[in-house]
Amino acid sequence: MALFVGKHVNKIDKKGRISVPRPFRAALQGRGLSSLYIYPRFKQRALEACDEEFMARLSRSLDNLDLFSDDQDDLASVILANACELTFDPEGRIVLSPELANYAEIKGEALFVGQGPRFQIWQPAAFESFSAMAFERAKSRGATLKLARPDEAGELRS
């Protein structure tokens, strides 16, 4: 699975194309991938992006919910129904659909934010506001993280 870290701002050209940051693109292309999946985040007006392996994990996770339950129907509708596979052009650019760009209020430039096995695409000022709020929430809760240990095969486990 690709690993995405850091923040990168890129401009959107007049044709609606935007370059996926070189480190993110390299993580995908290094595994022989020429596309990524993008879908709207439902808790914030931003986009989530991932590779096919992570999208398959999302789909399997939805299968773990009760079939026809409101949770399963709602999340499948938000994630899978709105996801689209975008292929890189020869310069490493993608074209965000007007629906996705409008949803995330992205115009002119976008901020790519690494999230480990996936990344987010934000309107830059919206992310800065969200990030400050997230920092304060984590600090006020005294958030901690239990570090996953590698198993014998090198895979991480909790």
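Here are the numbers for this structure:
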{"item": "Extreme residue, surrounded by the fewest Cβ atoms within 10 Å (Cβ to Cβ), among residues of the range 9-27 that are at pLDDT 95 or above, closer than 23 Å to Glu99 by Cβ and of a type outside the set (D, E, K, R)", "result": "Val9"}
{"item": "Residues that are in a loop (DSSP other than H, G, I, E, B) and touching a strand residue (DSSP E or B) at 6+ places or on another chain (Cβ under 6 Å), drawn from the range 4-19", "result": "Val5, Gly6, Gly16"}
{"item": "When residues of the range 40-49 are limited to those that are in contact (Cβ under 8 Å) with a residue 24 or more places away in the chain and out of contact with any Leu (no Cβ under 7 Å at 6 or more places or on another chain), the one nearest to Ala2 (Cα to Cα)", "result": "Glu48"}
{"item": "Boolean, Glu105 is modelled with pLDDT of 95 or more and on the phi < 0 side of the Ramachandran plot", "result": "no"}
{"item": "Answer from Leu75, Leu47 - the residue that is of a type in the set (A, V, I, L, M) and modelled with pLDDT under 95", "result": "Leu75"}
{"item": "Any hit, the range 89-100, residues being out of contact with any Phe, Trp or Tyr (no Cβ under 9 Å at 6 or more places or on another chain), closer than 14 Å to Leu47 by Cβ and β-branched (Val, Ile, Thr)", "result": "yes"}
{"item": "Matching strands (runs of 3 or more DSSP E) fully within the range 50-151 where at least 2 residues are in contact with a Leu (Cβ under 9 Å, 6 or more places away or on another chain) and surrounded by 18 or more Cβ atoms within 10 Å (Cβ to Cβ)", "result": "109-114, 118-122"}
{"item": "Qualifying residue in the range 22-42 (condition: in contact with a Gly (Cβ under 8 Å, 6 or more places away or on another chain), over 15 Å from Ile121 (Cβ atoms) and among the charged types (D, E, K, R))", "result": "yes"}
{"item": "Cross-chain or 6+ apart pairs with Cβ under 9 Å, the range 130-145 first and touching a residue at least 40 places away in the same chain (Cβ under 8 Å), then surrounded by 10 or more Cβ atoms within 10 Å (Cβ to Cβ) and of a type in the set (S, T, N, Q)", "result": "Phe130/Gln44"}
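The values are calculated or read from the model by the stated rules, or taken from the named source; none is laboratory data. Everything numeric here is computed off the predicted structure, so don't read it as measured data. So basically every Cβ, Gly included, is an ideal-geometry build from the backbone, and we count neighbours across all protein chains shown.
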